[in-house]
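The values are calculated or read from the model by the stated rules, or taken from the named source; none is laboratory data. Since this is a predicted model, take the numbers as computed values, not measurements. Cβ placement follows ideal geometry from the backbone for every residue including glycine, while neighbour counts extend to all protein chains displayed. Surface accessibility is based on the protein's heavy atoms, side chains included, excluding ligands, DNA and RNA. Shrake-Rupley method; radii C 1.70, N 1.55, O 1.52, S 1.80 Å.
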2 protein chains.
Amino acid sequence: MSEPLAYPKTKSTTVNRYNARATYDVKAIHSIVNESSVLHVSFAPDAEDPFPAVLPMIGTMGSYDYPSAGLDEPLDCYLHGYVSSRVMRLATSSPQGLPVTIAATKVDGLVLALTPNAHSYNYRSAILHGYARIVETTEEKLWAMELITNSVVPDRWKNSRVPPDSAEMQSTRILRVRITAASGKSREGGPHDEPKDTTREDVTGKTWVGVVPVVEKFYEPIPAADNKVDELPKYIADYVAEANARAEGYALNAARLP
Amino acid sequence: MSEPLAYPKTKSTTVNRYNARATYDVKAIHSIVNESSVLHVSFAPDAEDPFPAVLPMIGTMGSYDYPSAGLDEPLDCYLHGYVSSRVMRLATSSPQGLPVTIAATKVDGLVLALTPNAHSYNYRSAILHGYARIVETTEEKLWAMELITNSVVPDRWKNSRVPPDSAEMQSTRILRVRITAASGKSREGGPHDEPKDTTREDVTGKTWVGVVPVVEKFYEPIPAADNKVDELPKYIADYVAEANARAEGYALNAARLP
């Protein structure tokens, strides 16, 4: 067995605090991205503007060249969402692409400790650096549209009206980000208080400590007024159940760890 | 009655797409920030690095000068989290402060339409631009620490060991961001398909359309192994129930709108 793949540590992606919580493991980082319903994509400000631009986008990891690649293998990040004309210009004009930072964070619990300073979140967070290009060939764009649609609900693509018509193909912009470095961070477990507080009965006797688990939960799907399919299809019901069980299992396990 | 306060539209915060979904309303934007458990804070890259830096942080809106100010009034954004030495240097060295972009996005539902192109999310999203400074006086820092702690669970501050000791005060960094511009965007309602699909019985007869509501839900709090308070305090139980009812109400209402 070879070592699991890791992203290179660069000066700007090396985690400097709580290093025990840091990871450069490719599979861990790709999983955080894929389990995040929304990503924040930042790129450098315009010359006349000091503020980085940030777009909320839907994204998922994938490899067009090796579609069967696993989460532990090299993957690109495919992004869908509103692409401003400035991003379009930058992501098509330079041969390397537009440098972007992709951020994904999931909160798994509120960690309530004896003193405010020791309060924390259970969470999983990933920061990825890479170069974004607009996907140009019809083949790759179609492949990426299917990948992203199925990342929202597995099998949704083939269970809806496909393929997109030419107007839809034209109006859809997909960004492919070649990842050059990335880091992840996570915390799990209960509160970690210091002896200065745990030894004080006046503090421990009145302060409830523990974790409030947090789960991004899917509720019972609600049909649209003009829905014509009476029964909720199994592929949707199964995904709702499976995703909820996974998310609940993660958050509750994280809360119960020491 | 005067008009509700609105943030100025700047070139870089003006929403160019789906303008009907855009808001510059101060109260709407402040509410999105306060209901987000995590914020992504971006600032411009180092000279030798093309990638913006992004930090996940906890934050809440507030006014130290007018502590009773409502969400519809001018407020700063107070941020807590890991502050890198570079941010520290930049946010203390320049008189104006470090330009940052704050992003908050909540997903409220998966909107499943007849064709992938018409798929969407119900969501609320805010982007704020401002200048970050490190809070320096003890009085403002203490006030902000209480504000942020109580933004996680109301009344938690007074129900835990306070005040922080001098080591805790020293090690805690709070950023105060003076907001100069901001915009919000939201979507609610069911799928919006086009006649080219809604008139096709072969499509409507096989494609379930509707919304899967998404709620960031608090589960039953789990006491730590060394918790000494037998019953979950009412202020925590009440908050869990109230926050869940509010989040569920929002997502279910958004799903049922046309």
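Odds and ends about this structure:
- All alpha carbon pair distances within segment A:134-184 were sorted into 5 Å bins beginning at 0; the resulting P(r) in whole percents reads 4, 17, 26, 22, 16, 7, 5, 3.
- Counting only the Cα atoms, chain A fills a convex hull of 202 Å³ per residue.
- GNM top mover of A:Glu188, A:Glu231, A:Glu248 - chain A, alpha-carbon springs below 10 Å: A:Glu231
- Buried accessible surface for the A/B pair, both sides summed and rounded to the nearest 100, is 8000 Å² with a 1.4 Å probe.
- Within segment A:110-258, the proportion of C-alpha pairs whose separation exceeds 25 Å stands at 57%.
- For the residue pairs B:Lys158/B:Lys234; A:Lys141/B:Lys196; A:Lys196/B:Lys217, the alpha carbons lie more than 24 Å apart in A:Lys196/B:Lys217.
- Compactness index (Cα Rg / 2.2 N^0.38 Å), segment A:60-126: 1.69
- Per-residue mean of foreign Cβ neighbours for B:112-124 is 6 (Cβ atoms of other chains, 10 Å radius).
- Each principal axis of the Cα atoms in segment A:178-258 has its own extent, and those three values, largest first, are 63, 42, 19 angstrom.
- Evaluating 6.51 cos²θ - 1.76 cosθ + 1.60 at θ = phi - 60° for every residue in segment B:218-230, the Karplus couplings come out as 8, 9, 3, x, 10, x, 5, 4, 9, 5, 10, 9, 4 Hz, glycine and proline recorded as x.
- Distance cut-off 19 Å, percentage of C-alpha pairs in segment A:89-196 lying past it: 64
- Unit charges on C-beta of K, R, D, E only; dipole of chain A, Debye: 600
- Normalising by residue count, segment A:30-78 has a Cα convex hull of 93 Å³ per residue.
- Here the spin labels are modelled as points 7 Å beyond Cα on the Cα-Cβ line, and at A:Lys206 and A:Ala6 they lie 4.7 nm apart.
- Under conditions of 20 °C and 1.002 mPa s, segment A:1-119 yields 126 µm² s⁻¹ as its translational diffusion coefficient, taking Rh as the Kirkwood radius over Cα pairs in the Stokes-Einstein equation.
- Calculated P(r) of segment A:165-215 - Cα pairs past 17 Å, %: 68
- Using the alpha-carbon positions of the protein assembly as shown, Rg (one decimal) and Dmax (whole number) come out as 22.9, 71 Å.
- From the alpha carbon centroid of segment A:83-138 to that of segment B:78-115 is 11 Å.
- Here the gap between A:Ala69 and A:Glu140, fully extended at 0.36 nm per residue and compared with their Cα-Cα distance, gives a gain of 24.0 nm.
- Top of A:Pro163, A:Pro56, A:Pro195 by mean-square fluctuation, Gaussian network on chain A, Cα under 10 Å: A:Pro195
- Dipole check for the protein assembly as shown: with +1 at the C-beta of Lys and Arg, -1 at the C-beta of Asp and Glu, and the Cα centre as origin, the magnitude is about 880 Debye.
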